[in-house]
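Here, each number is a calculation from the coordinates, and none is a lab measurement. Note that this is a predicted model, so its numbers are computed, not measured. Every residue, glycine among them, receives a Cβ derived from its backbone with ideal geometry; neighbour counts consider all protein chains shown.
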């Protein structure tokens, strides 16, 4: 079992590898998320966590470079701040309070909501920038098993598109992507 800091480090590094390898002309290409470009995937990830941390735990992350100007710098700056927060031993004692999720230690909130989001959007960024991606199959299977019983609630949240049917023998990655509304076999 990894710590939230170790988990974020690995997931953020995988995402950073794709960010750093993206061709400069790929940033305005469409992503698998409707109405998002590749840079919007990065923008989403650097955009929502600071507000959650500030509003729920009084933690302020510094502003980062605009994804419109430099998505690589935006991701690098943001990921470093999140990692520093998770590496700080005092973070485990801080509580995030949110009306939707209750009171939860900050490091656990980051792990359960943010790091998981980075993990899933890694696939989106790879597709949007024309890069191959192989997500950890065990993690994909575990996430899918945890999400399937919450299907109705997840769909009602508006955060996931309609399920895409994939073959029963598809990889865990393809089944997870289909579950969250991505077509793993589409263009």
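Each 5 Å bin from 0 upward holds the following percent of the Cα-Cα pairs of the range 1-75: 3, 14, 20, 24, 19, 12, 6, 1.
Sorting 141-152, 44-55 by average packing, meaning the other beta carbons within 10 Å per residue, from highest down gives 44-55, 141-152. Using every Cα-Cα pair within the chain, state what percent have a distance larger than 21 Å. Counting pairs separated by more than 21 Å, the tail of P(r) holds 51 percent. Distance between the pseudo-spin-label points of residue 28 and residue 148 (7 Å out from Cα toward the beta carbon): 4.3 nm. Full extension of the chain between residue 168 and residue 97 yields a length gain of 21.6 nm, computed as 0.36 nm times the residue separation minus the alpha carbon distance. Comparing mean-square fluctuations of 173, 81, 159 from a GNM of the chain with C-alpha springs under 10 Å, the top value falls on 159. Grouping the Cα pair distances of the range 135-187 into 10 Å bins from zero gives a pair-distance distribution of 27, 57, 16 percent in increasing distance order. The radius of gyration of the Cα set in the range 101-182, together with its Dmax, comes out at 13.3, 39 angstrom. Only helical runs count toward this figure. For the chain, summing -39,500 (n - 2.57) over DSSP H runs of n ≥ 4 and dividing by all residues gives -16000 deg cm²/dmol at 222 nm.
Relative contact order for the range 4-133: 39 percent, from Cα pairs under 8 Å spaced at least 6 residues apart, divided by residue count.
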